[in-house]
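These notes concern the structure reproduced below.
The values are calculated or read from the model by the stated rules, or taken from the named source; none is laboratory data. Model, not experiment: these values are computed from the prediction. Backbone-built Cβ (ideal geometry, glycine too); neighbour counts: all protein chains shown. Just so you know, the surface numbers come from the protein's heavy atoms only, side chains and all, with ligands and any DNA or RNA stripped out. Shrake-Rupley method; radii C 1.70, N 1.55, O 1.52, S 1.80 Å.
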Amino acid sequence: MAEKNKEVILIIADISGYTKFMIENKKTLLHAQTVITALIKTVIKKARVPLKIAKLEGDAVFLFAAKENSQEKWLKEVARIKERINAFFTAFKIQALELSRSTTCSCNACTMTRELKLKVVVHYGNALFYKIDGNIELAGTDVILIHRLLKNSISSDEYIAFTQEAADIFNLKNISDFEKITETYDIGTIPLYVNYPGEKLKAILKKHNRKKLNSPYYKIKNMFLKMTAMIPLMSQKHKPHFHNLPPEKPEQ
């Protein structure tokens, strides 16, 4: 694949409280990782075309959408992406609540899942697409920036933050609902528009039928979820594997 420079929307959806959650649940690490995996999968399911996964980064999903069509088609895709971003929060919150309330397990990892939250940063710029070892990679200043944005001064652990470029491409009409802040990095001072969906999510959860989360169906479903997720983890050989190195050749 030849190197190509494209206009892109870059998004990182990151689980807040991941490090603390994993540290506090060392004794139930398999359940803790199963919970994180289920929540990451929930976000991925909402990342529909034209969004694509650039990389899974432990507790985060790095997504992108590249401009491939005419300006008219691209703006329609942008509108769909905006809907997808809003859907991330609702799906994540409901899944976290379901995993916490409907579980048959009383370990700390399972019961405290509802404390995990989602933060999302969005940027619009350019990225260089290239292929290495069969994998498509993104590079460039804007790719560096989107990762820098996760380290910010925002005190909340549940928010969506748009750069000025992202706010412009998404045409944020309700900009008054956003708090404008600035963050300074080694690559410059970046204005951000931050929205806190907490109250909106509370209203959504009130409409959600919580009774079904305590039903036998959800308890059994989550039991099988944990069991099936643990099987491959338990069967893995405890041998380090470094993805940046070529696979070992079999002995002759």
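What's the percent breakdown of Cα-Cα distances in the stretch 110-213 across 5 Å bins, shortest bin first?
2, 10, 17, 18, 16, 12, 10, 9, 4, 1
According to a simple spin-label model (label point 7 Å from Cα along Cα-to-Cβ), what is the distance in nm between Y18 and S106?
3.1 nm
What list of ³J(HN,Hα) couplings, whole Hz, do you get for the stretch 24-30 from phi and the Karplus terms 6.51, -1.76, 1.60, once you set θ to phi - 60° and write x for glycine and proline?
With the stated coefficients, the stretch 24-30 comes to 6, 10, 4, 6, 10, 4, 4 Hz.
Taking Cα pairs under 8 Å and at least six residues apart, what relative contact order does the stretch 107-200 come out at, in percent?
On the way: 116 pairs, mean separation 25.7, N = 94.
Worked out over the stretch 107-200, it gives 27 percent.
Can you give me the long-range amide H partners of L149? Hydrogens built in the peptide plane at 1.01 Å from N, cutoff under 5 Å, separation of 5 or more residues or another chain.
none
For the stretch 1-160, calculate the relative contact order in percent as a whole number, restricting contacts to Cα pairs under 8 Å that are 6 or more residues apart. Don't skip to the answer; put the middle values down first.
Working: 237 pairs, mean separation 57.5, N = 160.
Relative contact order comes out at 36 percent.
Taking K55 as the anchor, which aspartates and glutamates have their alpha carbon closer than 17 Å to its alpha carbon, excluding any fewer than eight residues away along the same chain?
D14, D133, E137, D142
At a 1.4 Å probe, what is the % contribution of carbon and sulfur to the accessible area of the stretch 6-147?
On the way: 3380 of 6490 Å².
Exposed carbon and sulfur together represent 52 percent of the surface.
Each residue of the stretch 174-185 in order: what ³J(HN,Hα) in whole Hz does its phi give by Karplus 6.51 cos²θ - 1.76 cosθ + 1.60, θ = phi - 60°, with x for Gly and Pro?
Those phi angles translate into 9, 4, 5, 7, 9, 8, 9, 9, 10, 10, 10, 10 Hz.
Along the stretch 54-67, what does the Karplus equation 6.51 cos²θ - 1.76 cosθ + 1.60 (θ = phi - 60°) give for ³J(HN,Hα), rounded to whole Hz, x for Gly and Pro?
7, 5, 9, 10, x, 9, 9, 10, 9, 10, 8, 9, 9, 6
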